[in-house]
Amino acid sequence: MIIGIPKEIKNNENRVALTPAGVAEFKKHGHEVYVQATAGENSGFSDKAYAEAGAKLLPTIEDVYSIAEMIIKVKEPIASEYPLIKKDQLLFTYFHFASSEPLTHAMIERGAVCLAYETVEKIDRSLPLLVPMSEVAGRMSIQEGAKYLEKPMQGKGILLGGVPGVPPAKVVVLGGGIVGTQAAKMAAGFGAKVTIMDVSLARLRYLSDIMPANVTTVMSNHYNIKEAIAEADLVIGAVLIPGAKAPHLITRDMLKLMSPGTVVVDVAVDQGGCIETCTPTTHENPTFVIDDIVHYCVANMPGAVPYTSTLALTNATLPYALQLADKGWKKACQDNEELKKGLNVADGKIVYRGVAEAWGLPLNEVESVLHETLATV
């Protein structure tokens, strides 16, 4: 198969979808890999390293899309990329369709095969291609939250861990999944007083066992959230419903419960956000203030630490990408239920429930789409 690795062009997205080591693996399996020049530069991987691994370098993004049967990316295509996508071209990347109706319609209209990292799912319901970036984003949320609590950043002027004789900041984490767990660990490590909230009592029991003494677990419900955010200095939104919009746990009217200079970091913003007032921002302009509350809503947080993020992501995606290249997407999805759950759009049809429900569009059974497609080849 012919694999294409374009340079990411989303604002301040510095990651790359494949390392030189990954190129070497594809070559070992007999595939051709075309990499756009300088695609890996910001992640610390030179064109020379890609060439030595066996990739062919192409000067433009148009060249890469034109030649590739499978495009491997990090972030969803943006509007300028839509016309470059060919019918039946396989795109393997993060899509987060439930947060972008224009992207959803564009991929249907282009006839692309869209296999989304974020909905590849194991039998235990874990999300193997979301986990590494969730780990990075969860840890970064505290790093960024601590920075924006500083007074020059319009925060309260509070040091997260305090000092002897001065109490630490109070951090509330909404969601006890991968993002929330990593955020709570980091905040606790700083010395903050941490409250982590979740709707699963079993998850709270687990977190209570593994977390240090400065982390308290609380059942997530409307009343408890209002109580917690009223005292919080930093609130982390870490809620995920795979492939669907995140629910709004903090509404606009709840901002008045928080004191001026409180910082909210909504890691779920690329899935619509769990804080109503959050809209996606970029690393270039990461924050905005509403009702004296500082909002940090960068949709690609791991892009700020591209070396770590690229290695963590490609460690997870490469085995799946090799299956797709070796077998073709149809056979790979038939053989691997995890990959099948990653299919969001195929043959001009939506085949993932969360996406269809988000935009009120028809849902097609993935089995019927696979059968129809296979019957025509």
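Computed quantities for the displayed model
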| quantity | calculated |
| --- | --- |
| Proximal charge balance of residue 192 [Cβ under 9 Å; K/R count +1, D/E count -1] | +1 |
| Table column - 3J(HN,Hα) (Hz), the range 30-41, Karplus curve with 6.51, -1.76, 1.60, x for Gly and Pro | x, 9, 9, 10, 10, 10, 5, 3, 6, 4, x, 4 |
| Listed peptides 231-238, 121-128, 106-113 by packing density, highest first (mean Cβ within 10 Å) | 231-238, 106-113, 121-128 |
| Value of D in µm² per second that Stokes-Einstein yields for the range 230-377, Kirkwood Rh from Cα pairs, at 4 °C (1.567 mPa s) | 72 µm²/s |
| Principal-axis tilt of helix 101-110 within the chain, Cα atoms, nearest 10 degrees | 10 degrees |
| Vicinal HN-Hα couplings computed from phi for the range 43-58 (Karplus, 6.51 cos²θ - 1.76 cosθ + 1.60; Hz; Gly/Pro x) | 9, x, 10, 7, 4, 4, 5, 5, 4, 5, 7, x, 7, 9, 8, 10 |
| Of all accessible heavy-atom area on the range 213-292, the percent that carbon and sulfur account for (1.4 Å) | 53 percent |
| Carbon/sulfur fraction of accessible area - the range 114-168, other protein chains in place, 1.4 Å, % | 58 percent |
| Percentage relative contact order, the range 245-377, counting C-alpha pairs under 8 Å, at least six apart | 16 percent |
| Protein accessible area in the range 1-90, 1.4 Å probe - carbon and sulfur % | 53 percent |
| The chain - accessible surface per residue (Å², probe 1.4 Å) | 41 Å² |
| FRET efficiency for residue 224 and residue 291, using Cβ-Cβ distance with R0 set to 22 Å, rounded to 0.05 | 0.55 |
| Which listed pairs, of 75/193; 122/226; 56/86, have C-alpha distances above 32 Å, in listed order | 75/193; 122/226 |
| For residue 113, distant residues with modelled amide H under 5 Å away | 88, 89, 90, 91 |
| Nearest 10 degrees, 0 to 90: helix 222-231 Cα axis against the chain principal axis | 70 degrees |
| Residue-span extension gain [residue 208 to residue 87] - 0.36 nm each, minus C-alpha spacing | 38.6 nm |
| DSSP bridge orientation in the chain - percent antiparallel, rounded to nearest 5 | 20 percent |
| Solvent-free Debye scattering, log10 I(q)/I(0), computed from the Cα coordinates of the range 105-214 at q = 0.12, 0.17 Å⁻¹ | -0.54, -0.86 |
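The values are calculated or read from the model by the stated rules, or taken from the named source; none is laboratory data. Bear in mind that the values here come from a model prediction, so they are computed numbers and not experimental data. Glycine gets a Cβ as well: all are built from the backbone with ideal geometry, and neighbour counts include every protein chain shown. Heads up: the accessible areas ignore ligands, DNA and RNA and are worked out on the full protein's heavy atoms, side chains in. Shrake-Rupley method; radii C 1.70, N 1.55, O 1.52, S 1.80 Å.
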